[in-house]
There are 2 protein chains.
Amino acid sequence: MDTTQRTDQQRSADQRRRELLEAADRVVLRDGPHASMNAIAAEAGITKPILYRHFGDKGGLYAALAKRHTDALLDSLRAALDAPAERRERVEATLDTYLAAIEARPQVYRFLMHPAEGGQPGDPGFDVGKHSAPLLRRMGEELAQVIEERLDLGPGGQQLARVWGHGIVGMMHAAGDWWLGERPCSRAELVRSLADLLWGRLAAAGDRVGGPGF
Amino acid sequence: MDTTQRTDQQRSADQRRRELLEAADRVVLRDGPHASMNAIAAEAGITKPILYRHFGDKGGLYAALAKRHTDALLDSLRAALDAPAERRERVEATLDTYLAAIEARPQVYRFLMHPAEGGQPGDPGFDVGKHSAPLLRRMGEELAQVIEERLDLGPGGQQLARVWGHGIVGMMHAAGDWWLGERPCSRAELVRSLADLLWGRLAAAGDRVGGPGF
DNA sequence: ACATGCATGTTACTTGCGGTAACACCAGTC
DNA sequence: GACTGGTGTTACCGCAAGTAACATGCATGT
């Protein structure tokens, strides 16, 4: 077994894989998550079985595709999270980074959020929590880690950080999703409003005249 | 055209529709969102074409099904939101109501959150925002309305309330989804942590030793 | 009584997609 | 020149969505 040959083959295989992923990317970007394996294969200039040899099944391809974009987005977010500025500014930068990303490529975003597969055909249907958008989970965990590292939350802080991580990510996601659909305001306003929410303005707001507040 | 006859037919049709929906409910609860039209028809003791006559297509059936559960859940949430207590207590009650619901029937919850269809086959693929879980949207709008009605948020308050409504719902959803999968703590603890987040504890927390905070 | 609607139900089909089996080609290696 | 391993193909299976086309029960109008 020659090492150089093996390396060459490996490199070429990886190269091929990357090409296939880029083709798949184009198709998903054009057709949305409904893209069929046939269409992807055609875009790549080949036929289905090759895709299956490389990625196992559709879930595998989608997972690989999702990983690429998720990694890229997470890198951006980490950069915003690590910027040298005070807390509020960092939070706003992170929110804005995420929103800018989904605004720039809504198709990709939509694909990442709704893989809509994940469950093996033979599953006894009860895997809630595992399949819902891995991107959200990864972002949640990442943010949780940052929070836990940098904030002093007292006893039980680690768990609190995880809850907050997932909660904040979910807030960002849902608000972004809604905003992307209705565009009721500018991105900057949205960022500001969300940061205000996280800064406790909900608790601080006064009651309206006429009854007890929410 | 006799009115009584028409009414009778209508009533019977509605009755049938309800029966079909309940059968579909059972199947979805048992098999998850992968339930096939054949399976649902079999459960109802009939065959496919009848389902299609009643609901148009699978999306129609799923939409009808989702509406039932969404309405039910929203009623519960409204009750929690309207309880006679102070703001923090209401928020906690609302969070707890939602979490209790998804905890009690994860299959239903999962079905509601991942319809995974929605787009017409002929769509020119760019309807981001419309298809992602109608339940989240409805809850967001509902909460926004409550917030706007009861809180004095100053100028731009209406828009702020909408952002917050969707944001809070998203936070609740994502945290609940994660919690349901990992069960890292009790429901009460989760509720408390999320309420703390909304109450500004993130902004108030002190930096950890060794560097600027998040 | 008989024909006319009309809703309800069926069987049998088409279409399209995920996934696979079997075969063909084209390097390099012994 | 036979052997091996990777790349590629065509042709197929299974399954689920969705659709004709036909059959039946039951009220009505003449």
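The values are calculated or read from the model by the stated rules, or taken from the named source; none is laboratory data. None of the values given here were measured: they were computed from a predicted structure. No Cβ is skipped: glycine too gets one built from the backbone with ideal geometry, and neighbour counts run over all protein chains shown.
List of remarks:
- Test: B:Ala80 is part of a helix (DSSP H, G or I) and in the same structural domain as B:His173 (by TED's automatic domain parsing): yes
- Any hit, region B:48-64, residues being out of contact with any Cys (no Cβ under 6 Å at 6 or more places or on another chain), without any contact (Cβ under 8 Å) to a residue 40 or more places away in the chain and not in a helix (DSSP H, G or I): yes
- In region B:60-71, the residues that are closer than 18 Å to B:Pro33 by Cβ and either away from DNA strand D (no atom under 12 Å from the Cβ) or surrounded by fewer than 16 Cβ atoms within 10 Å (Cβ to Cβ) (or both): B:Gly60, B:Ala64, B:Leu65, B:Ala66, B:Lys67, B:Arg68, B:His69, B:Thr70
- Residue ID - nearest to the other protein chains (Cβ to nearest Cβ), chosen from residues in region B:29-47 that are surrounded by 13 or more Cβ atoms within 10 Å (Cβ to Cβ) and in a loop (DSSP other than H, G, I, E, B): B:Ala35
- As a summary of the residue check, B:Ala195 satisfies the conditions (1) at pLDDT below 95; (2) more than 7 Å from chain A (Cβ to nearest Cβ) except for the one numbered (1).
- Meets criteria (at pLDDT 90 or above and more than 17 Å from the chain's Cα centre (by Cα)) for B:His69: no
- Of all residues making up region B:178-189, the number that are facing chain A (nearest Cβ under 8 Å) and surrounded by fewer than 24 Cβ atoms within 10 Å (Cβ to Cβ): 6
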